[in-house]
Amino acid sequence: MPTDELLTVVGRADELYDHRARPGTVRESVMVLSGARGASDRYELQWRLARAFFFLGQEAGSRDSSVELYSTGIAAGERAVALNGERVEGHFWVGVNLALFAEVKRGIRGVRALRWARKELTKAVSISESYHDAGPLRVLGRLMHKAPRILGGNITVGREMLERALALAPSNAVTLMYAAELAIQTGDRDRAAALLQRVLESSVDPAWEFESNRDRASARSLLEQLSSS
């Protein structure tokens, strides 16, 4: 694929993903990416496919659909890592798909996905912990918070990673919500309320409009629960 054609495909796919709040745009980005010539051999296309399938899996209406979409995202992320293991995007997006796959798929496959996710996200942190608004730290911190201790979960380590993520991207609504939920679980209600208030008060980055609007609604609901309990 000529460079100018690659740039056109990437530009269109990114434009569609940026408008992910509009129904159908991410699925259209998948069509653009997967339909490009030589797509399976292009790193820039494969990590973007992994990103798209993460989003579609997250928004899917059923557990089975989520499992299928995350599995497809894992495969695209694997291809990206095989094409270029020195860059952060492939490791990060395969790690995200693996982590979410592990949430919805129990049993040995879920355990394997969890361990693999931790490996990929740790690699992403080592390459660029600031990527995607401190995404590697954010997702690894979440994984450490939510994973059972027997499988390597550690709330203290999870909190430390989320604090590092907030130091890099203090207004990211997703990280703020993750940190607030961890604070609620550990009984730090004042900390949780302060973090949730930050979700409501932070300016909205246009690149994160979908997540900010979603998480503001969640923050309001959690604040109401904290104030009434």
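What follows draws every value from the coordinates through simple rules; no lab data is involved. Owing to the predicted nature of the structure, the values given are computational and were not obtained by experimental measurement. Reconstructed Cβ throughout: ideal geometry from the backbone, glycine too, with neighbour counts over all protein chains shown.
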Query raised in the report: Most exposed first by the Cβ proxy, i.e. fewest other Cβ within 10 Å, how do M177, M161 rank?
Result: M177, M161
Requested in this report: Report, to the nearest 10°, how far helix 25-34 tilts away from the longest principal axis of the Cα atoms in the chain, using its own Cα long axis and a range of 0 to 90°.
Outcome: 40
Query - Ranked by how many other beta carbons lie within 10 Å on average, peptides 14-24, 114-124, 70-80 from highest - result: 70-80, 114-124, 14-24
Query raised in the report: Pulled fully out, how much extra length does the chain show between I150 and T8, if you take 0.36 nm times their separation in residues and subtract their Cα-Cα distance?
Result: 46.5 nm
Report task. Find how many whole Å separate the alpha carbon centroid of region 85-101 from the alpha carbon centroid of region 194-229. Result -> 26
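Subtract the Cα-Cα distance of S221 and R191 from 0.36 nm times their separation in residues, and report this length gain in nm to one decimal.
Details: separation 30, 0.36 × 30 = 10.80 nm, distance 1.61 nm.
Result: 9.2 nm gained on full extension.
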Requested in this report: Compute the length gained on full extension between T25 and A82: take 0.36 nm times their separation in residues and subtract their Cα-Cα distance, giving the result in nm to one decimal.
Outcome: 17.8 nm
Report task. Calculate, axis by axis, the spread of Cα positions in region 130-229 along the three principal axes, and write the results as whole Å, longest axis first. Result -> 37, 36, 19
**Report entry** Estimated 222 nm signal from helices in the chain, with DSSP H stretches of n ≥ 4 weighted -39500 (n - 2.57), rounded to 500
**Finding:** -26000 deg cm²/dmol
